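Below is one structure, written out as structure tokens, with a few remarks after it.
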Amino acid sequence: MADDAADPGVNGEPTSPQAELVNDPHIAENIHAAHVPGFGGNTQAGILQQQQQQQQQQQQQQSYAGLNGHPQSGFNRPLNATQTFNNASSIPPQSFNVLGTPELPFWVGEQQIAVNADVTYSYYPFLTISNLHNVMPQDVNFLESQGCLRIPTRVILDEFMQQYFLHVHPLLPFINEGDFWNLYCHQGVGRPSEKMSLLVFQAMMFSCCNFVSKTSIKALGFPDIRSARATLYRRTKLLFDFDTESSLVCLAQAALLLTYWAPNWSLATKKPNTAWLGVAVQNAKSAEAHIYSAMPTFSPVTEPMEYKKQNSLKRLWWCCVIRDRLISLGMRRSIQVSRAHFDVGSNSGLGLSDLADEVGQSRVYNSETKRRLIEIFVQLGELCSVLTDLLTLVFPLDDVPGWGRHNGVEGAEKVRESKTALRRWYKAATLRFPMFGGGNASSKTTGDKHLRHDSVILYTNLMYMFYHSARAALCHHEVLQAAMASASPNQNSSVRGFSNVYESRHELQDAACGVTECLNELIKRRLARWLPISAISCTAMPLVLHIIDVKLLSQNKHSRATPDEKRRTALKQQRLNVLIEAMKTYQPQYDGVDYISETIRHIVNLAQIDPPSNATNMPSSIAADSANSMQPIISDWTDILASNPGSYLRLSMTMDISISKGRLAKETDFPVKLRGLFAHGFSPIRALLAGHHPRAPSAFATASPAPAIFAPDPMAHIQPGSVHSVSSDEDTASPDSTDNSGGT
């Protein structure tokens, strides 16, 4: 058992970026003794626990034997975590204590649960249902029958709350962590004066349950993480739907946490995350959180209650704004809090001063690490402010698609302004967090050990993944606008659009590689396990592009590859492996992975890069000449973009439309000029591979007589695979104006 404990990968679970915590030896004595079969009516788990209780206790004792007699929970910590907890002595015995021996193993295997799994919420004095008296008795009974009024017993609940403040709170700090722990660990005589909404508490458990150990999930009666997420989401939604909570602030907080729900294909078209965000924003507005800056300024010393209320409203509103931007970026949808609703430029965001009182009161992070995480959140808030205009440009508020607009010179200027703002943000961010920028960011070692804390590494890389995804979204918009302009009779617009495509492909490649490098860093450190659901959408398009790259390489193989070609091939395969590993990590946790994976499969099949099984898959003239083609016209996806932007746009827009609508894109979802490109088994990409211009046969031609996208012949300027990396922080009009680093 001791050997297993020393292995951070035991039982298939990676090391969590958290401090190691220990249960009290007599914790079982302090937990409600009444047997509750299973969690929320699941009797099998409870019966199984009764039958195997003695065996589990023996296994626990064996597990603890190698740890100097200290009973240890199933929580783990990073290799460099500092064992410092502020005011740890104030935590009651039934919660958790500080482990005083940092040399102990970081993982002790699966936690054996030998106690009852759950208890009614009223067992915890800090929980309340504010509107219970207005709920019909039969509705209360129904909520009870569905497990909505049940809460895990303390030994399991501790793990939920620790994981919440380790992995959810850093990006959504609408709750004051110090105030929460004071409630949760209340030791005073009688009941606490302040209480927490059961609705919000259930939402907290939903949002963090995918980070909880498999043993705790199974002890609660769930077969896997996805089942736990689905059930906890449903319980929280029922509490919301039955009006158990009257506080507007609490309703907004719970709705914010429910934006982390992403269902499978069958329900994705309902867009629940966007709907919950709208609920959160409306309740926050009703609570007047959006006008926090117009309220009088209160002193935390002389007017602590008023100060806390104002601080709570500011936290809530900015969490709404940040979730709005990240959902828009990831789901390819319009923002809901526009400049007309709230001017992010004239209102100060959440800063260190607003969150500073958490630094000395966190029970899961030491003070310096907590400070660094707050700084990351502040930096992310600044990125979200920059994204306001960018997302409004790319995903218009009126839902009119970008190809339906003729932005002209004004639109091009907005694109340049957004690019400049992104690069300025990146410069400032890499000065504060220079280690983990992905792409071209420096990887030099720094003397600040708190920059090397696993959670700091995790959220720094996630922040840069959002940045690179924003760059890609803006470039796709620019290419689309250039394509629409090139179809016009204005030759100047056509040439300018052609030039923009060549610039955009460099930045697109750099952005895709940047996301991959961030994920590579996290996978090497075994931290990808702790990424939130928003990381999936950041991974999707880079994965498609790298799959296309590797498939193209297999098509263009020849026996006399140069060392440089072999190096590039190995690098592309390595990047693809990183992205596939990331998706494998997401898959057990999030239902949303399924329809993203299906969309990726659909796009790859649409491209038809693999050799056709018979000659009927392509026009006969192409099939006859394909074997005689010498030099391939394309060697990676950037050549597809440069030589046939319409085909590339069709593939990238398939991803965007499918994610946005929650279903596979239909032919009618695309601009008229992009319809029919891949119809009836014809693939313009296969035509390029065969050494031909991608001109569909007359039988496959679109009904529209409009001019083709990009009249200038790009083939005259193509050198296959010659793409230069772009420095993300260059503050120039052209993204490829200064970098001469060569091909990647």
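Throughout, read-outs are computed from the coordinates displayed, never taken from laboratory work. The structure presented is a predicted model; accordingly, all values stated were derived computationally and were not measured. Methodologically, a virtual Cβ is constructed for each residue, glycine included, from the backbone with ideal geometry; neighbour enumeration extends over all protein chains shown.
Apply the Karplus parameterisation 6.51 cos²θ - 1.76 cosθ + 1.60, with θ equal to phi minus 60°, to every residue of the range 278-289 and state each ³J(HN,Hα) to the nearest whole Hz, in sequence, with x for glycine and proline.
Using θ = phi - 60°, the values come out as x, 5, 4, 5, 5, 5, 5, 5, 5, 7, 6, 5 Hz.
Multiply the residue gap between Ser266 and Asp224 by 0.36 nm, knock off their C-alpha separation, and tell me the result in nm, one decimal place.
My answer for the length gained is 13.1 nm.
What list of ³J(HN,Hα) couplings, whole Hz, do you get for the range 542-551 from phi and the Karplus terms 6.51, -1.76, 1.60, once you set θ to phi - 60° and write x for glycine and proline?
My calculation for the range 542-551 gives x, 5, 4, 5, 6, 4, 4, 4, 5, 5 Hz in order.
Please order Arg325, Arg423, Arg333 by the number of other Cβ within 10 Å, starting at the fewest.
By the 10 Å Cβ count, ascending: Arg423, Arg333, Arg325.
Within a 10 angstrom radius of the beta carbon, how do Leu545, Leu373, Leu149 rank from fewest other beta carbons to most?
Leu149, Leu373, Leu545
Between Glu667 and Ser122, what is the label-point separation in nm under the 7 Å Cα-to-beta-carbon projection?
Spacing of the two 7 Å Cα→Cβ label points: 6.3 nm.
List the lysines whose Cα lies under 28 Å from the Cα of Lys195, skipping any in the same chain that are fewer than 8 positions away.
Lys237, Lys285, Lys308, Lys309, Lys314, Lys370
What residues have an amide H closer than 5 Å to that of Val119, excluding those fewer than 5 places away on the same chain, when H is modeled at 1.01 Å from N in the peptide plane?
Hits under the 5 Å cutoff: Ile151, Thr153.
Most exposed first by the Cβ proxy, i.e. fewest other Cβ within 10 Å, how do Ser348, Ser647, Ser367, Ser455 rank?
By the 10 Å Cβ count, ascending, the order reads Ser348, Ser367, Ser647, Ser455.
Around Ser197, what is the net charge, scoring Lys/Arg as +1 and Asp/Glu as -1 over all other residues with Cβ under 13 Å from its Cβ?
That works out to -2.
Can you give the extra length, in nm with one decimal, that the chain gains between His133 and Arg416 once fully stretched, where that is 0.36 nm per residue apart less the Cα-Cα distance?
96.2 nm
Kindly state, to the nearest 0.05, the FRET efficiency for Asp564 paired with Asp357, given R0 = 60 Å and r defined as their beta-carbon distance.
0.60
Run the numbers for Leu183 and Asn605: contour at 0.36 nm per residue of separation, minus the present Cα-Cα distance, in nm.
Separation in residues times 0.36 nm, less the Cα-Cα distance, equals 146.5 nm.
For the range 466-478, take each phi angle, set θ = phi - 60°, evaluate the Karplus expression 6.51 cos²θ - 1.76 cosθ + 1.60, and give the result in whole Hz per residue in order, putting x for glycine and proline.
4, 4, 5, 5, 5, 4, 5, 4, 5, 5, 4, 5, 5
Modelled label-to-label distance, Phe298 and Gln146, 7 Å Cα→beta-carbon offset: nm?
Taking the simple label geometry, Phe298 and Gln146 are separated by 3.5 nm.
Given H placed on each backbone N at 1.01 Å, which residues far from Leu127 in sequence or on other chains put an amide H within less than 5 Å of it?
Distant-sequence amide H within range of Leu127: Met196.
Just add up the charged neighbours of Asn134: K/R +1, D/E -1, any other residue whose Cβ is under 12 Å from the Cβ of Asn134.
-3
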